[in-house]
Structures are given as C-alpha cells and as structure tokens.
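Peer 1: Take this structure first; my questions come after.
The values are calculated or read from the model by the stated rules, or taken from the named source; none is laboratory data. Quantities reported herein were computed from a predicted structural model and do not represent experimental measurements. No Cβ is skipped: glycine too gets one built from the backbone with ideal geometry, and neighbour counts run over all protein chains shown.
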Amino acid sequence: MPTPNPLRTLGSLGQSPWYDFITRELVISGALARLIVEDGLRGMTTNPTIFEKAVQGSDLYDEEIRQLAVEGCSPAEIFETLAVADVRTACDLFLPVYQQSSGSDGLVSIEVSPTLAYDAAGTVAEAERLWQRIGRPNVMIKIPGTRAGLPAITRCLAQGINVNVTLLFAVSRYRAVVEAFFQGLEQRRAQGQPVSGIASVASFFVSRVDSKVDRVLEVLGAAGQDLRSRAAIANATMAYAAFEELFGSARWQSLSSGGAGRQRPLWASTSTKDPVLSDVYYVEALIGEHTVNTLPPATFDAYRTRGRPELRLRQGIPEAGQVLSRIEKLGVDLDEITQVLEEEGVKAFAASFQSLLGVIERKAAALV
C-alpha cells in the first residue's frame, strides 16, 4: 500500500494545512490545483511580503502593470488590481473545498494595508471595499490584531465579512480577539442577521517568539539552556487551551446553536529559524483539532516528505504551563517580548508594503 500523504493526514486529524504563498504562475499554471487535489491543501494566506516577491520575480504581471500605468493608476492602485485578480482566481480554485467543508476551509486571505494597523475606521473601510471588490464568498480579509484593530474586527464580522485576524503573539491578546469575534456575531444576531456562513481564524505567530526568548536565555547562561526553543510552542499551546475554554462556554454554545462556526486558531510563522531544529519542528508540536497551520512552500514540501502527523497539542498543555512558569521565574518578560514582536511585525509588513509599491513604480516606469 502507498504511504499516506502526511499533509492529507493532518486534514483527517482536524487540522487544515493552508499555503502561505501566492504567485500568478502558481494560480494559473495548474500547480495550485494539483496541491489541492494531491496534497489536500485547504486554504491560502497572503501578505505584502509574499506579493512583493511574486511581482518582483515574474514577468506575468508586466503587461497589466504597463496598461494600468498608462491609465494613470498609482502604484497602490496597480498593486490592489493585481492582488485582487490573483486572489479571485485562487478563490475560484478553492471553491469546491469551501463548499465541501461548509465554508470552514477553501478560504483565501488578502490583507488590508499594514499602514492601517492602528486605524480602526480606515481598516473597516478598506475591508469593506476589498470584500466588495473581490466578490467571492471564500475570500477572507486579514486585519492586524492590534488593540486598535479589535473594534474593526467586531464591525467587519457584524457585517458578515470573513476575517483573518493576524499578528497575534500574546495569549492575552488572543483572548481579546475571541471576545471581538463573539461581539461581532452577537451584534449581527441582534440585528436579525444570520450568524452562519461567516468564517474567521485567529493567526497566532509561533517561531518569532523563540527567536526573541532564546536570545534572553542565552544571556542567562546554563540556567535556561534546557528551555531553548520551547517558549513558542508553549505559548501557542496555552493559546489553544484558551481556545478550548472559550469555545466550550455557554456563550459560544448560544452562538453555535444559531449556526455559527468556530473562529479557529491558525498557526503562522511555523518555519524554523534555528538551523539546529528540524524544519517541521513547529508543525509537529502544534497538531490539534479545529486548528489551521499555514505553511510556506519549503515547510509544506518538507512535511509532505518527513511529517509524522499525530494529535499532540492538547496533551502538551500541562507541560506548556510549566515551561512558561520556569521562563517567567528566570526573569523573562514574555508580555514585553510579545508586545515588541507585535510592533515589529506591524513595522515589517508596512516596510514590505512600501517596498512592494517601489517595485511596482520602477517596473511601471521601465515598461511605459
């Protein structure tokens, strides 16, 4: 008998593998369709960094860039037109998955401008515009989970817009995001609108936490060496414990009885940064029911080859609490670290966005 594909096994265990990547070549060449059929790929996420690499590394966008530039479109308008076209095509390819999963998978995410991370009103306006412009039931609008972003998340969900909450690092902020999710659905219900058919995920970033914590542990010397590369998994595991608590509540049962679907935790930044670790280190540790893992191509390919799928997340909760307690006793301030990571993440995506616009501007000038 052929060996089961580990990526497909993830799906059977209740975790949806999504792809953290998009290019025009991927969506029009048949490659994305093959990943869906052969590997059980169940969704896709994008961000400005991914689009920058896509546009810079391909001439497939050039004619459209030239035409739009001739029409007088700004680099931001050109980018949005290119991104909307790719996301629409990807949504159409994922539509059978969306239908078969009753709307919980087959979703493709597109991000509001990172420059709006601290602007709730601007975020809502752009989310509404992207939602209408793309016009696909399985598109998902990415909104940064900053404190300022919380009311925008609630407002968009209340309008029936699918939301991917991104840039989450702290368990406390994750809890606030679930509260925003509950409020959005409750407001929608109070308006007499259906709460079914609205998809949402909460994207919790993983490996970057270890990158920060391990630097502190290195300074502390021998006392913290056995805790290296353990903080990120422990932190994500405690977020999952919060997920199980909150979505086991009477408040959630009331929404669920009306047809609402869970806002699932999505593990992001699951590629390894430390060369000492296995390239599937974070993927293996974070397999749990009702979760998503969005994988960059290299990690996706590695898991297809070397994955050993097994439910590990729930049974890791007691140890995760102990790991975080020990880290705290050593004087590592995880709250401060996760706040810095959020701020750095917002700045990094904003810088990527500006760099992307620069790439488009230079291409447009050369082509025209």
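Peer 1: Hey, can you tell me all the residues within the range 154-181 that are surrounded by fewer than 21 Cβ atoms within 10 Å (Cβ to Cβ) and under 19 Å from VAL124 (Cα atoms)?
Peer 2: Once the filter is applied, which keeps residues that are surrounded by fewer than 21 Cβ atoms within 10 Å (Cβ to Cβ) and under 19 Å from VAL124 (Cα atoms), the range 154-181 yields ALA158, GLN159, GLY160, ALA176, GLU179.
Peer 1: For SER352, state whether it is more than 15 Å from the chain's Cα centre (by Cα), assigned to a helix (DSSP H, G or I) and at pLDDT below 95.
Peer 2: yes
Peer 1: Can you go through VAL124, VAL87, VAL108 and tell me which one is under 25 Å from GLY145 (Cα atoms), under 19 Å from the mean Cα position of the chain (by Cα) and without any contact (Cβ under 8 Å) to a residue 40 or more places away in the chain?
Peer 2: Matching residue, one of VAL124, VAL87, VAL108: VAL124.
Peer 1: Scan the range 21-39 residue by residue and report those that are outside any helix (DSSP H, G or I) and surrounded by fewer than 23 Cβ atoms within 10 Å (Cβ to Cβ).
Peer 2: Going through the range 21-39, the residues outside any helix (DSSP H, G or I) turn out to be 21-23, 29-30.
Listed by number, the residues that qualify are PHE21, THR23, SER29, GLY30.
Peer 1: Given the structure, is ALA241 part of a helix (DSSP H, G or I), among the small types (Gly, Ala, Ser), modelled with pLDDT of 95 or more and under 20 Å from GLY145 (Cα atoms)?
Peer 2: yes
Peer 1: Something else about it: Return the residues of the range 177-208 that are more than 28 Å from ARG228 (Cα to Cα) and within 18 Å of the chain's Cα centre (by Cα); say none if nothing qualifies.
Peer 2: Selection gives VAL177, VAL178, ALA180, PHE181, ILE198, ALA199, SER200, VAL201.
Peer 1: Here is a list: ARG215, ARG228. Which entry is touching a helix residue (DSSP H, G or I) at 6+ places or on another chain (Cβ under 6 Å) and basic (Lys, Arg)? Quick ask: steps written out before the conclusion?
Peer 2: Details: ARG215 fails: touching a helix residue (DSSP H, G or I) at 6+ places or on another chain (Cβ under 6 Å).
The match here is ARG228.
Peer 1: What do you reckon, is VAL55 within 23 Å of VAL163 (Cα to Cα) and surrounded by 15 or more Cβ atoms within 10 Å (Cβ to Cβ)? Please lay out each step first, then the result.
Peer 2: Values: within 23 Å of VAL163 (Cα to Cα): no; surrounded by 15 or more Cβ atoms within 10 Å (Cβ to Cβ): yes.
For VAL55, the condition - within 23 Å of VAL163 (Cα to Cα) and surrounded by 15 or more Cβ atoms within 10 Å (Cβ to Cβ) - is not met.
Peer 1: A further question on this structure: Which condition from (1) crowded, with 18+ Cβ neighbours inside 10 Å; (2) out of contact with any strand residue (DSSP E or B) (no Cβ under 7 Å at 6 or more places or on another chain); (3) among the charged types (D, E, K, R) is the one that ARG264 breaks?
Peer 2: The number of the failed condition is (2).
Peer 1: Within the range 156-193, how many residues turn out to be in a strand (DSSP E or B), among the aliphatic types (A, V, I, L, M) and over 18 Å from GLY259 (Cα atoms)?
Peer 2: Selection size over the range 156-193: 3.
Peer 1: When only residues in the range 206-238 that are part of a loop (DSSP other than H, G, I, E, B) and touching a residue at least 24 places away in the same chain (Cβ under 8 Å) count, which is surrounded by the most Cβ atoms within 10 Å (Cβ to Cβ)? Show your work before the answer.
Peer 2: So in the range 206-238, the residues part of a loop (DSSP other than H, G, I, E, B) come out as 206, 228-230.
Subsequent filtering for residues that are touching a residue at least 24 places away in the same chain (Cβ under 8 Å) retains 206, 229-230.
Numbers: VAL206: 25, SER229: 19, ARG230: 21.
That would be VAL206.
Peer 1: If you take the residues of the range 86-100 that are touching a Lys or Arg at 6+ places or on another chain (Cβ under 9 Å) and either β-branched (Val, Ile, Thr) or more than 11 Å from GLY43 (Cα to Cα) (or both), which of them is surrounded by the fewest Cβ atoms within 10 Å (Cβ to Cβ)?
Peer 2: The qualifying residue surrounded by the fewest Cβ atoms within 10 Å (Cβ to Cβ) is ASP92.
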